[in-house]
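The values are calculated or read from the model by the stated rules, or taken from the named source; none is laboratory data. The model shown is predicted, which means the values in this text are computed figures rather than measured ones. In this analysis, Cβ positions are derived from the backbone assuming ideal geometry, glycine residues included, and neighbour counts consider all displayed protein chains. Heavy atoms of the whole protein, side chains included, go into the accessibility calculation; ligands, DNA and RNA do not. Shrake-Rupley method; radii C 1.70, N 1.55, O 1.52, S 1.80 Å.
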Amino acid sequence: MSDTPKRCGFAAVIGSPNAGKSTLVNALVGEKVTIVTHKVQTTRFAVRGVALAGDTQIVLVDTPGVFAPKTRLDKSMVAAAWSGAGEADTIMHVVDAGARARMIHGGAKSGDSRMVEDDDRVTEGLKKTEQKAILVLNKVDLMPRDQLLAMSQELYETGVYSEVFMISAKTGSGVPQLREFIAGLMPEGVWHYPADQVADLPARILAAEITREKVYLRLHEELPYASMVETEVWKKLRDGSLRIEQSIIVERETQKPIVLGKGGSAVKSIGEASRKELEEVLGCKVHLFLNVKVDAKWMARRSHYKDVGLDFDV
């Protein structure tokens, strides 16, 4: 048994939508604990992933992206991001270095300017709260080193960063070094979770998130952002399998045929992909039944916020 005292603390991961925060959390944990899609603002509430580094347990808080909020849901998500940062022992600000470089050197893609604006919004927010963060330049694998060094220098001079790391969350480059550094910042204390637990998310919500990921991956170009998934039935059967019934909720009647697909092909494909992953995650056979509902006011229903820990009254 090691004589080294145990350490445990919280590390918040903040940044613009689609900067790679969820991919980084999954890479640090070593397993998938939060969903990842092409769609911006996929993460809607703080998801906790648990990473181990020797005698240290790091509770990673994957927060919703920081952006200019318009709807009630947007405001609740941004508030959740800053709340996660405020309660953490350390903060990582993940920046899509490629997007920033394209804005400076040309070749900008759709969404790059908004991403840079959101990053600057995070920097200003850190200044206001007088919090120091670790700057994590992500997606650096295809960038010239001189551009990276100039970018890190420019951002470091804002005065809100204590360290700079250059990584690729997708390939894992630089991630072990970042994990070790974060571990060294954690305070002494007992572990909050068992050694084999990699996430802190109720199974019903995790199941809904997995299906929502499959919806976005299958329909990300056709279906707008305003959709959600709700787990309505969770029943353990005698043979040890699970019966899960979920509703995919959209805002308009015209969106329902998109989710269903021709002859039900889209929802069938979504269900098959979700069921397969649920069986891997839950370790048992899953009988998954999907329904598509239209609820024009789902974003205004308090219950949808409470279920995932968002503040309805922000």
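Checking each residue of segment 82-101 against the condition of being under 21 Å from His220 (Cβ atoms), modelled with pLDDT of 85 or more and not in a strand (DSSP E or B) gives at least one match. So in segment 42-72, with the set limited to residues that are at pLDDT 90 or above and hydrophobic (A, V, I, L, M, F, W, C), which one is surrounded by the most Cβ atoms within 10 Å (Cβ to Cβ)? The qualifying residue surrounded by the most Cβ atoms within 10 Å (Cβ to Cβ) is Leu60. So is Glu213 under 27 Å from Glu31 (Cα atoms), in a helix (DSSP H, G or I) and not β-branched (Val, Ile, Thr) or not? Taking the combined requirement at face value, the residue satisfies it. Residues of segment 130-155 that are open to solvent by 60 Å² or more (accessible area, probe 1.4 Å) and over 19 Å from Arg102 (Cα atoms): Glu130, Lys132. Inside segment 156-168, residues that are open to solvent by less than 70 Å² (accessible area, probe 1.4 Å), over 15 Å from Ala99 (Cα atoms) and in a loop (DSSP other than H, G, I, E, B) make up a count of 3.
Looking at segment 17-35, which of the residues that are among the β-branched types (Val, Ile, Thr) and more than 11 Å from Val94 (Cβ to Cβ) is most open to solvent (accessible area, probe 1.4 Å)? Across segment 17-35, the extreme among qualifying residues is Val29. Those helices (runs of 4 or more DSSP H) of segment 245-314 in which 3 or more residues are modelled with pLDDT of 85 or more, under 24 Å from the mean Cα position of the chain (by Cα) and not hydroxyl-bearing (Ser, Thr, Tyr) occupy 265-282. Of the set (1) outside any helix (DSSP H, G or I); (2) touching a strand residue (DSSP E or B) at 6+ places or on another chain (Cβ under 9 Å), all apply to Met115 but (1). Cβ separations smaller than 6 Å between residues 6+ apart or across chains give the following pairs from segment 19-42 residues that are of a type outside the set (Phe, Trp, Tyr) and in a helix (DSSP H, G or I) to residues that are open to solvent by 20 Å² or more (accessible area, probe 1.4 Å) and at pLDDT below 85: Ser22/Val36; Thr23/Val36; Asn26/Lys32; Val29/Val198.
Would a scan of segment 248-270 turn up a residue that is exposed (fewer than 12 other Cβ atoms within 10 Å of the Cβ), over 20 Å from Glu209 (Cβ atoms) and of a type in the set (Val, Ile, Thr)? Yes; the residues of segment 248-270 include at least one that is exposed (fewer than 12 other Cβ atoms within 10 Å of the Cβ), over 20 Å from Glu209 (Cβ atoms) and of a type in the set (Val, Ile, Thr). Looking at Pro176, is it part of a loop (DSSP other than H, G, I, E, B) and either crowded, with 19+ Cβ neighbours inside 10 Å or under 23 Å from the mean Cα position of the chain (by Cα) (or both)? No; evaluated as a whole, the condition is false for this residue.
In segment 226-244, of all residues being surrounded by fewer than 16 Cβ atoms within 10 Å (Cβ to Cβ) and of a type outside the set (Lys, Arg), the one that is modelled with the lowest pLDDT corresponds to Ala226.
Taking Tyr193, is it farther than 28 Å from Leu126 by Cα, open to solvent by less than 40 Å² (accessible area, probe 1.4 Å) and outside any helix (DSSP H, G or I)?
Details: farther than 28 Å from Leu126 by Cα: yes; open to solvent by less than 40 Å² (accessible area, probe 1.4 Å): yes; outside any helix (DSSP H, G or I): yes.
Yes.
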